[in-house]
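The values are calculated or read from the model by the stated rules, or taken from the named source; none is laboratory data. Values in this document were obtained by computation on a predicted structure and should not be read as measured data. Cβ atoms come from the backbone with ideal geometry, glycine included; neighbour counts cover every protein chain shown.
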Amino acid sequence: MSNQVIKGKWALITGATAGIGESFSRLLAEKGFNVILVARDLPRLNERAAALTTNFKVETKVIQADLATDDGCQIVEDYISTNEVEVLINNAGFGINKSFLVSDMTAEQQMFDVLVRTPMRLMHVILPQMKERGSGTVINVSSVAAWIAGGSYSASKSYLTVLSESLHTELAGTNVIVSALAPGFTRTEFHQRGRMKMSALPKFMWLNADVLVAKAWVDSQKGSAISVPGWQYIVLSSFLRFGPRPLIRKLGMNVRVRQRNK
């Protein structure tokens, strides 16, 4: 896609103020998209919007919404239903650093609502519109954790990956793209916010958000159903997807246990 072709078109990004979402906001603005930023933190939303306008000369809109709530999800649904959005990046998310057996049910429900309910509902609104006009891109930020047994977070990401694959197949030949981005450990605020211990992770396993977002966009426009950035995670994901499940289950649980703060 060239900037001339996409000038004036809009991209909506959830979780847009930091990490992978913030990287997507800059990448899409650089490509000429006007950007709708969705997050809870209004000051950070306004700061990001101003920076995009200044640096890339695009239009921006901010939507303050808590996607863990029905009202917050409805705000974004209503916006999509009444405005033409060419690109949707379902990125908002967080993790819980506790065993499911002792975790707080409210936190579990909120994580489910952000990781599963919201992207499902937003896609249910936007994809018929995209199909009708014959263009559009949806990238769902999943994780390599979708292929391990790592509690409800892994289960949520597995849902998102499988739904993305299903919709990608269903929409083949329509010029509507649905793709899942499955990154590994990425230098963002995610692990700090989840209070996860990451000091033991080798440096070569960390990914750069800007690099993986660029690859995700290229892969989606090439028609890939799943984008796995980084050679290390291409190798790892192949093992996780096709290796013996008893071993994969043990590996996933060991990773989760090592991340927990005692």
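Hey, could you check the stretch 115-140 for residues that are charged (D, E, K, R) and either touching a strand residue (DSSP E or B) at 6+ places or on another chain (Cβ under 7 Å) or touching a residue at least 12 places away in the same chain (Cβ under 8 Å) (or both) and say which is nearest to Lys222 (Cα to Cα)? Can you show your working first?
Step one: of the stretch 115-140, the residues charged (D, E, K, R) are 117, 121, 131-133.
If we keep only those that are either touching a strand residue (DSSP E or B) at 6+ places or on another chain (Cβ under 7 Å) or touching a residue at least 12 places away in the same chain (Cβ under 8 Å) (or both) too, we end up with 117, 121, 131, 133.
Details: Arg117: 27, Arg121: 25, Lys131: 18, Arg133: 20 Å.
Looking at residues that are charged (D, E, K, R) and either touching a strand residue (DSSP E or B) at 6+ places or on another chain (Cβ under 7 Å) or touching a residue at least 12 places away in the same chain (Cβ under 8 Å) (or both), I get Lys131.
Filter the stretch 113-161 for residues that are under 18 Å from Ala182 (Cα atoms) and over 14 Å from the mean Cα position of the chain (by Cα) and give the result.
Trp147, Ile148, Ala149, Gly150, Gly151, Ser152, Ala155
Going through Ala209, Ala182 one at a time, which residue ends up being surrounded by 16 or more Cβ atoms within 10 Å (Cβ to Cβ), at pLDDT below 95, of a type in the set (A, V, I, L, M, F, W, C) and out of contact with any Gly (no Cβ under 9 Å at 6 or more places or on another chain)? So that I can check it myself, show each step before the final result.
Numbers: Ala209 fails: out of contact with any Gly (no Cβ under 9 Å at 6 or more places or on another chain).
Sole residue among the options that is surrounded by 16 or more Cβ atoms within 10 Å (Cβ to Cβ), at pLDDT below 95, of a type in the set (A, V, I, L, M, F, W, C) and out of contact with any Gly (no Cβ under 9 Å at 6 or more places or on another chain): Ala182.
Counting just the residues of the stretch 57-99 that are of a type in the set (Gly, Ala, Ser) and more than 18 Å from the chain's Cα centre (by Cα), which one comes out nearest to Lys131 (Cα to Cα)? If you could, list the steps in order and put the result at the bottom.
Residues of the stretch 57-99 that are of a type in the set (Gly, Ala, Ser), as a first pass: 65, 68, 72, 81, 92-93, 95, 99.
Those left that are additionally more than 18 Å from the chain's Cα centre (by Cα): 81, 99.
Values: Ser81: 14, Ser99: 41 Å.
Result: Ser81.
All but one of (1) closer than 27 Å to Ala145 by Cα; (2) surrounded by fewer than 21 Cβ atoms within 10 Å (Cβ to Cβ) hold for Pro43, so report the exception by its number.
(1)
Quick check: anything in the stretch 166-173 out of contact with any Gly (no Cβ under 8 Å at 6 or more places or on another chain), free of Cβ contacts under 8 Å to residues at least 24 places away in the same chain, over 15 Å from Ser220 (Cβ atoms) and not in a helix (DSSP H, G or I)? Full working, then the answer.
Initially, the stretch 166-173 is screened for residues out of contact with any Gly (no Cβ under 8 Å at 6 or more places or on another chain), giving 166-173.
Remaining after also requiring free of Cβ contacts under 8 Å to residues at least 24 places away in the same chain: 166, 170, 172-173.
Narrowing further to those that are over 15 Å from Ser220 (Cβ atoms): 166, 170, 173.
Among the residues that remain, those that are also not in a helix (DSSP H, G or I) are: 173.
For the stretch 166-173, residues out of contact with any Gly (no Cβ under 8 Å at 6 or more places or on another chain), free of Cβ contacts under 8 Å to residues at least 24 places away in the same chain, over 15 Å from Ser220 (Cβ atoms) and not in a helix (DSSP H, G or I): present.
Ser99 - would you say it is surrounded by 20 or more Cβ atoms within 10 Å (Cβ to Cβ), among the polar types (S, T, N, Q), in contact (Cβ under 8 Å) with a residue 60 or more places away in the chain and more than 20 Å from Leu127 (Cα to Cα)?
In short, no.
Table: residues versus (1) surrounded by 15 or more Cβ atoms within 10 Å (Cβ to Cβ); (2) out of contact with any Cys (no Cβ under 7 Å at 6 or more places or on another chain); (3) closer than 17 Å to Thr137 by Cβ; (4) among the hydroxyl-bearing types (Ser, Thr, Tyr).
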{"residue": "Lys61", "(1), (2), (3), (4)": "yes, yes, no, no"}
{"residue": "Asp66", "(1), (2), (3), (4)": "yes, yes, no, no"}
{"residue": "Glu84", "(1), (2), (3), (4)": "no, yes, yes, no"}
{"residue": "Asn91", "(1), (2), (3), (4)": "yes, yes, yes, no"}
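Give the residue that is surrounded by the fewest Cβ atoms within 10 Å (Cβ to Cβ), with candidates limited to residues of the stretch 218-262 that are touching an Asp or Glu at 6+ places or on another chain (Cβ under 9 Å) and either in a loop (DSSP other than H, G, I, E, B) or at pLDDT below 75 (or both). Explain how you work it out, then say what you get.
We begin by selecting, within the stretch 218-262, every residue touching an Asp or Glu at 6+ places or on another chain (Cβ under 9 Å); these are 225-229.
Filter once more, keeping what is either in a loop (DSSP other than H, G, I, E, B) or at pLDDT below 75 (or both): 225, 228-229.
Details: Ala225: 18, Val228: 26, Pro229: 23.
Among residues in the stretch 218-262 that are touching an Asp or Glu at 6+ places or on another chain (Cβ under 9 Å) and either in a loop (DSSP other than H, G, I, E, B) or at pLDDT below 75 (or both), the one surrounded by the fewest Cβ atoms within 10 Å (Cβ to Cβ) is Ala225.
Being assigned to a helix (DSSP H, G or I) and hydroxyl-bearing (Ser, Thr, Tyr) is the filter here, so list the residues in the stretch 17-39 that pass it.
Initially, the stretch 17-39 is screened for residues assigned to a helix (DSSP H, G or I), giving 19-30.
Within the stretch 17-39, Ser23, Ser25 meet the criteria.
Test of understanding: among Ser158, Ser143, Ser199, which residue is out of contact with any Lys or Arg (no Cβ under 8 Å at 6 or more places or on another chain) and modelled with pLDDT of 80 or more? Break it down stepwise before answering.
Values: Ser143 fails: out of contact with any Lys or Arg (no Cβ under 8 Å at 6 or more places or on another chain); Ser199 fails: modelled with pLDDT of 80 or more.
Selected residue: Ser158, the only one of Ser158, Ser143, Ser199 that is out of contact with any Lys or Arg (no Cβ under 8 Å at 6 or more places or on another chain) and modelled with pLDDT of 80 or more.
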